[in-house]
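Working notes for the structure below.
Nothing in this text is a laboratory measurement; each read-out follows from the coordinates by a stated rule. If you're wondering where the values come from, they're calculated on a predicted model, not measured in any experiment. FYI the Cβ positions are ideal-geometry reconstructions off the backbone, even for glycines, and counts take in every protein chain you see.
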Amino acid sequence: MAVSAIQKVEQVASLRDRIGESLSAAIVSGELAPGTLVSVPTLAAQFAVSATPVREAMLDLEQRGFVASVRNKGFRVTEVSEQDLKDIIELRQLLEAPAMRSLAGRFPLETIPQWRALAREIVVHADEANLTGFIERDRDFHLGLLALYGNDRLVEMVRELRSQTRMVNLARMTKSHELPESAREHLEMLDLIEAGDGEALEALTIRHLEHVVGWWSGSPSEG
């Protein structure tokens, strides 16, 4: 059974940020599908918090293009076209794949155990259909590797591209082999990094990102 991204959150330093992260994960995964109308009071009840941090989080998401306000009703989840998604993935491939190829030859190998632990977390989340955990740890993995490349602007560009991505049928893919297989590719990436095989890592990164288009359409990607 899939784990919902919208549930009670603990009081922390910034509820606004935590709620925003949970909602963006729900939108990216398709749990909150394009066109869905959500209200601040309803979400506040689901998160078990006051309306204020929820409203602030929704306004943040509106600025990022995830939702649009609907007068006297709440916020509606915006749509991203298949072509928009393909364009986003193409940009990510152009940015991330060459960086990974370069990183393979100068990776701090003493850190491999901690990266493998993170990759195994991604696998566990995929196997348990925990979409929020999967997306958040997948983000930590990819942005973390890019950070080691040493270009902060690159990291921020990819972070923004990830925030614009929608995988509206990701929840459906939990019933197939596609999500667990994609999760295990993170371990394969680390094998290639450890072997110093930048060419193979570049190719795997390209294939790995192509999964997102398959998740958007609700069918496994090719390649």
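What's the ranking of 54-61, 152-159, 41-48, 24-31 by average number of surrounding C-beta atoms within 10 Å, highest first? Show your work: numbers first, answer last.
On the way: 54-61: 20.2, 152-159: 14.2, 41-48: 15.8, 24-31: 23.2.
Highest to lowest by the protection proxy: 24-31, 54-61, 41-48, 152-159.
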Study note, to complete from the structure: Taking the dipole of the chain about the Cα centre (Lys, Arg +1; Asp, Glu -1; charges at Cβ), the one of Ser182, Val77, Val158 that reaches farthest to the positive side is Val77
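State, as an integer percentage, the relative contact order of the chain based on alpha-carbon contacts under 8 Å between residues 6 or more apart.
Details: 317 pairs, mean separation 60.4, N = 223.
27 percent.
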Practice item. Calculate the length of the line joining the C-alpha centroid of the stretch 65-87 to that of the stretch 89-132, in whole Å. Key: 28 Å
**Study point:** Identified option (computed semi-axes √(5λ) of the Cα gyration tensor in Å; candidates [x] 36, 21, 12; [y] 36, 21, 15; [z] 31, 18, 17)
**Key:** [z]
Exercise for review: Could you tell me how many degrees, from 0 to 90 and to the nearest 10, lie between the Cα long axis of helix 131-149 and the main elongation axis, the longest principal axis, of the Cα atoms of the chain?
Suggested key: 50 degrees
Check your understanding: Expressed as an acute angle from 0 to 90° and rounded to the nearest 10, what is the orientation of the C-alpha long axis of helix 152-163 relative to the principal long axis of the chain?
Key -> 50 degrees
**Study point:** Charge dipole magnitude, Cβ of K and R +1, D and E -1 - the chain, Cα centre, debye nearest 20
**Key:** 880 debye
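In debye to the nearest 20, how big a dipole does the stretch 15-77 give about its Cα centre with +1 on each Lys and Arg Cβ and -1 on each Asp and Glu Cβ? Kindly include the intermediate steps, with their values, before the conclusion.
Working: 7 positive and 6 negative charges, 47 e Å.
It works out to roughly 220 debye.
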Review point. On a 0 to 90 degree scale, rounded to 10, what angle separates helix 51-63 from the longest Cα axis of the chain?
Key: 50 degrees
Practice item. With label points built 7 Å along Cα→Cβ from the Cα atoms of Arg184 and Glu79, find their separation and express it in nm. Key: 3.7 nm
